[in-house]
Amino acid sequence: MRYVKADAAKCEGVRACEKICAQTFFKSEDPNLSAIRVTKKGSAYEINVCNQCGQCIAVCPVKALSRNQAGIVMVDKKTCVGCFMCIGFCPTLSMRRAPGQREPFKCVSCGQCVKKCPKGALQMVEADHAGLPA
Amino acid sequence: MSHDYTKRTAYHEKVAELRKAHKVLKEWSFTPSLPERGYTNRTLFVNLTTLEIKEKPVTEQMKDLFVGGRGFGLWYLWQAIKPTTKWNDPENEIIISPGPLGGNTQYPGSGKSLVVSLSPTTGIPIDSNVGGYFGPLMKFSGFDALEITGKARNDVIIVIDGQIGKVYIEEAPQEDVNSHAAAEQFTHMYAKDHDDLRNVSVVASGRGAEHALIGCLNFSWFDVRRQATRLKQAGRGGIGTVFRDKKLKALVVHAPPVKGDMNRPADFDKVAKVGIKMHKELADFDLKQCNMRRQGTAHLVEIMDNYDLLPVHNFQYGNHPDTKKIASWIWDKRFTQGIPDGCWYGCSMQCSKGADGHVVKTGPYKGHIVTVDGPEYETAAGCAANCGIFDPDWLLEANFYCDTYGIDTISFGTACAFVMECYQRGILNKERTGGLELTWGNAEAQLELLHQMARGEGFGVIVGQGVARMKQIFIEKKYGDPQLIKDIGMEVKGLEYSQYQSKESLAQQGGYALTNKGPQHDEAWLIFMDMVNNQIPSFEDKAEALYYFPLFRTWFGLNGFCKLPWNDIEPPDNHKYPPLEAAKVPEHVQNYCDVFTGITGRPLTKEGLIAMSETVYQFQRVFNIRMGKGRREHDLPPYRSVGPVTREEYESRQERYDKQLKEWMGIDPATKTIDEKIALHRKYREDRYQKLMDAVYKRRGWTADGVPTLETLKRCRIDLPEVVEVVKPYLK
């Protein structure tokens, strides 16, 4: 599976990642609609994005979360009942909900943010998900 | 885990054939609709005698005064019955309502149905709070409540199909009556396909409820991980008995697929935000606090034992060396871990644990592989410890058969413990029990009682009448000392005690006996606050707790909530409040106000929440009076719940009781015999209870006879002419 790996030390808060993510999936530049989030902590930045660990899969009461063939954890919005337990139980706090949205959303490792980051703080890496929750 | 959690005996293979035998008695059409701000604004009325089906409007007065859930149930029952109505009269009703907040999928514990009926064991209204999907799915089909009256001639089912807008009454002769099989059969029968299974929920009871008065209802949901129909119970007060008396085999609801905003809340974001906050709290702290997600309420077994609160041998003792055999660590292994166990979507507390792979040892299902829903604490304490049975496999067996036969595990546990003590004391013997040796720990005899209830034969039928009737029967037959029989029969108003020792907590003695429906812990659980932490020392302190907590907890039943996520998980900084405030878990109370406002759009303060409950609570007290059982004389506990009845009990805690003689009464125990000391304790403790009653009645706005005054009814906006008429004769 591939996932976005962040190197926060390189981040300068440009937030191009947030904009492209929100634009790609919600046709908006509202950072609240981005699956990747940049937060300023003092003079530095923190980057939060799903690492595709799959801990959320077992939490879902209706099996709306599953890995696709590439190993990416996907939300099936048709099945989802909007309980948001996956948000509360995400170990990295990377499952999102946008105001007005009935279902959660998350990073699907599309790689748009990696391409847009001018500082090289993001990279797409491959990992074996064989031992991770499926 | 050593078992396959999807493997179990199937009961649904021939549902097409079973359905062919149905005869449609009545078909009725309606326009399916979703709620608006939590209310569909109509309820469904079904008369099984006349086959009338109709919808009724929900009035603004109903919403304003009675809110929903238990409130709607009590209001409909009030209108349906007379003071002379008995539980098995056709006009007795069963009302099921989820409340306006029920069915939201964001806040943990939001899927409860409240069931109200005239109880066979108490003769007054009973309300029972149950999980499973039925209530929310019924609301999302178009109804805030289902009101059932009359009696069918043959076994029938009521089907509410919210996908196509139809209600049917059908004769259903061939399906199982027992719930674990019936729920599975009806679920598969009415689902269109595999994905639709979770849109069906079934209410059923069992063969036991046909012959016992302590019958329960099972509410189902389809567990997509286990591929199993799971069950939760509306246990207390015998509603399953009313259900079978009406010849109801099942209620089936088939609803549109659930989405998160189907209550069409006023402010969905507000509800989602507070729900997510609670999920995070449970994710972070449940393991460090109650461990509900792994062990459910069974985590309490050894805690109660450690505090001398676990009922052992019919509440004689509070702990036992063998408790470790049924303690939480046993259930941690026995419950299937790592899969969601909520009885409604979004319950991250996940206490509906399932023991998969149980191979049934006895009775008609011997050899079947079943998933046992539980045991919960009350079942473990009642059916196991209280009966001296410390064996997890036998406990699972009793739990399974109680559920599928439609028998309340709490009442059964307390009733079984009572007859075992009667056997110990010679009140019963082998001849009187029809050959059953009801010795402590005899699990096979306990199971045989259940099978006899289901078959309608033998001593099991007597036990199924409940403790109050057994006391009468044993006294009438001169089986033993009447006072002893009264003292050790653990019931008030006809309802069996739930499973906590209250001898050393005066507040909890009131918490049990000063309840509207009889002694359960749905109203108040004050033992730690009172006995362990001594936070409510005076009568007035205890009275304040017995005012606030019953009202606060009533609110859950009006709105479709479970009590557990209120204080079985707490914010880590809850200790910042003074102890009495901390016990209320203020942040969570605010959560409930926020969810209420988020869904209904009506502002609600913490004080407003209590006032909302008090209207219904006072109304229920008046309802009891109307039915002849809501005054001081009906609020008296059996002495076993107050102090030591027997020499063995006294001697088992002699140091404690002797110390109390010195400290409380200024009496030197060395100068007294055991019998004298028991008598002194009794006098002191019974007097103390009377003083508690005085203080509680005053705080609740009741007369010294326990009757709500006109001022109280007016303050609570429940001074309706028909309500005032009931209390007036007692206020002269």
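The values are calculated or read from the model by the stated rules, or taken from the named source; none is laboratory data. Quick caveat, the model's predicted, so the values are computed rather than measured. Cβ atoms come from the backbone with ideal geometry, glycine included; neighbour counts cover every protein chain shown.
Looking only at segment B:261-304, how many residues end up being more than 10 Å from every other protein chain (Cβ to nearest Cβ), outside any helix (DSSP H, G or I), more than 22 Å from the chain's Cα centre (by Cα) and touching a residue at least 60 places away in the same chain (Cβ under 8 Å)?
Qualifying residue count, segment B:261-304: 7.
Can you find a residue in segment B:80-92 that is touching a residue at least 24 places away in the same chain (Cβ under 8 Å), assigned to a helix (DSSP H, G or I) and buried (at least 23 other Cβ atoms within 10 Å of the Cβ)?
No - not one qualifying residue is present in segment B:80-92.
Which condition does residue B:15 not pass, out of (1) aliphatic (A, V, I, L, M); (2) under 30 Å from residue B:356 (Cα atoms); (3) surrounded by fewer than 18 Cβ atoms within 10 Å (Cβ to Cβ), if it passes all the others?
Status for residue B:15: all satisfied but (3).
If residue A:63 passes every condition in (1) free of Cβ contacts under 8 Å to residues at least 24 places away in the same chain; (2) away from chain B (no Cβ under 14 Å) but one, which one does it miss?
With (1) free of Cβ contacts under 8 Å to residues at least 24 places away in the same chain; (2) away from chain B (no Cβ under 14 Å) applied to residue A:63, the lone miss is (2).
For segment B:33-55, how many residues are under 21 Å from residue B:250 (Cα atoms) and either touching a Pro at 6+ places or on another chain (Cβ under 6 Å) or of a type outside the set (Phe, Trp, Tyr) (or both)?
Total meeting the criteria: 12.
For the list (1) among the aromatic types (Phe, Trp, Tyr); (2) within 12 Å of chain A (Cβ to nearest Cβ); (3) more than 24 Å from residue A:60 (Cβ to Cβ), I need the number of the one condition that residue B:317 fails.
Going through (1) among the aromatic types (Phe, Trp, Tyr); (2) within 12 Å of chain A (Cβ to nearest Cβ); (3) more than 24 Å from residue A:60 (Cβ to Cβ) one by one, residue B:317 breaks only (2).
Within segment B:39-79, which residues are surrounded by fewer than 17 Cβ atoms within 10 Å (Cβ to Cβ), touching a residue at least 24 places away in the same chain (Cβ under 8 Å) and among the hydroxyl-bearing types (Ser, Thr, Tyr)?
B:49, B:50
Pick out the one residue from B:169, B:160 that is touching a strand residue (DSSP E or B) at 6+ places or on another chain (Cβ under 9 Å), in contact (Cβ under 8 Å) with a residue 12 or more places away in the chain and crowded, with 24+ Cβ neighbours inside 10 Å.
The unique qualifying residue is B:160.
Filter segment B:243-257 down to residues that are buried (at least 21 other Cβ atoms within 10 Å of the Cβ) and more than 23 Å from the chain's Cα centre (by Cα) and give me whichever is nearest to the other protein chains (Cβ to nearest Cβ).
Selected residue: B:255.
Answer yes if at least one residue in segment B:637-645 is at pLDDT 95 or above, within 30 Å of residue B:710 (Cβ to Cβ) and of a type outside the set (Gly, Ala, Ser), and no otherwise.
Yes: segment B:637-645 contains one or more residues that are at pLDDT 95 or above, within 30 Å of residue B:710 (Cβ to Cβ) and of a type outside the set (Gly, Ala, Ser).
Picking from B:669, B:708, which residue would you name as being in the same structural domain as residue B:610 (by TED's automatic domain parsing) and more than 29 Å from the chain's Cα centre (by Cα)?
None of the others qualify; the one that does is B:669.
Kindly list, by first and then second residue, each pair from a residue in segment B:187-201 that is within 12 Å of chain A (Cβ to nearest Cβ) to a residue that is part of a helix (DSSP H, G or I) and of a type outside the set (A, V, I, L, M, F, W, C), limited to pairs with Cβ atoms under 8 Å and residues at least 6 apart or on different chains.
These pairs meet every condition: B:197/B:187; B:197/B:188.
Where residues in segment B:305-334 are hydrophobic (A, V, I, L, M, F, W, C) and either in a helix (DSSP H, G or I) or in contact (Cβ under 8 Å) with a residue 40 or more places away in the chain (or both), which of them is surrounded by the most Cβ atoms within 10 Å (Cβ to Cβ)?
Across segment B:305-334, the extreme among qualifying residues is B:310.
For residue B:697, state whether it is touching a Ser or Thr at 6+ places or on another chain (Cβ under 8 Å) and part of a helix (DSSP H, G or I).
Yes, satisfied.
Select the strands (runs of 3 or more DSSP E) contained entirely in segment A:1-113, then report the ones holding at least 1 residues which are touching a Lys or Arg at 6+ places or on another chain (Cβ under 8 Å).
Per the criteria, A:37-41, A:44-48, A:73-75.
Among (1) away from chain A (no Cβ under 14 Å); (2) in a loop (DSSP other than H, G, I, E, B), there is one condition residue B:378 misses while meeting the rest; what is its number?
Result: residue B:378 passes all but (2).
If you check residue B:338 against the conditions, is it small (Gly, Ala, Ser), more than 19 Å from residue B:383 (Cβ to Cβ), within 14 Å of chain A (Cβ to nearest Cβ) and out of contact with any Gly (no Cβ under 9 Å at 6 or more places or on another chain)?
Spelling it out, residue B:338 is indeed small (Gly, Ala, Ser), more than 19 Å from residue B:383 (Cβ to Cβ), within 14 Å of chain A (Cβ to nearest Cβ) and out of contact with any Gly (no Cβ under 9 Å at 6 or more places or on another chain).
Sort through A:80, A:21 and tell me the only one that's more than 11 Å from chain B (Cβ to nearest Cβ) and buried (at least 17 other Cβ atoms within 10 Å of the Cβ).
A:21
Is it the case that some residue within segment B:629-637 is outside the structural domain of residue B:312 (by TED's automatic domain parsing), part of a loop (DSSP other than H, G, I, E, B) and crowded, with 20+ Cβ neighbours inside 10 Å?
yes
From the list B:141, B:128, B:119, which residue is in contact with a helix residue (DSSP H, G or I) (Cβ under 7 Å, 6 or more places away or on another chain) and buried (at least 24 other Cβ atoms within 10 Å of the Cβ)?
B:128 is the lone residue from the list that is in contact with a helix residue (DSSP H, G or I) (Cβ under 7 Å, 6 or more places away or on another chain) and buried (at least 24 other Cβ atoms within 10 Å of the Cβ).
Which pairs do you get when a residue that is within 15 Å of residue B:451 (Cβ to Cβ), found in segment B:351-368, comes within reach of a residue that is among the small types (Gly, Ala, Ser) and in a loop (DSSP other than H, G, I, E, B), reach meaning Cβ atoms under 8 angstrom, with the pair 6+ apart or on two chains?
Final answer for the pair search is B:360/B:367.
Taking the criterion of being of a type in the set (A, V, I, L, M, F, W, C), surrounded by fewer than 21 Cβ atoms within 10 Å (Cβ to Cβ) and without any contact (Cβ under 8 Å) to a residue 40 or more places away in the chain, would at least one residue in segment B:609-628 satisfy it?
Looking through segment B:609-628, none of the residues is of a type in the set (A, V, I, L, M, F, W, C), surrounded by fewer than 21 Cβ atoms within 10 Å (Cβ to Cβ) and without any contact (Cβ under 8 Å) to a residue 40 or more places away in the chain.
For (1) surrounded by 13 or more Cβ atoms within 10 Å (Cβ to Cβ); (2) more than 13 Å from every other protein chain (Cβ to nearest Cβ); (3) under 29 Å from residue B:197 (Cβ atoms), each residue gets a yes or a no:
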{"position": "A:28", "(1), (2), (3)": "yes, yes, no"}
{"position": "A:67", "(1), (2), (3)": "yes, yes, yes"}
{"position": "A:72", "(1), (2), (3)": "yes, yes, yes"}
{"position": "A:84", "(1), (2), (3)": "yes, no, yes"}
{"position": "A:87", "(1), (2), (3)": "yes, no, yes"}
{"position": "A:104", "(1), (2), (3)": "yes, no, yes"}
{"position": "A:119", "(1), (2), (3)": "yes, yes, no"}
{"position": "A:130", "(1), (2), (3)": "no, yes, no"}
{"position": "A:134", "(1), (2), (3)": "no, no, yes"}
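Inside segment B:494-608, counting only helices (runs of 4 or more DSSP H) that do not spill past its ends, which hold 3 or more residues that are polar (S, T, N, Q) and surrounded by 18 or more Cβ atoms within 10 Å (Cβ to Cβ)?
B:586-600
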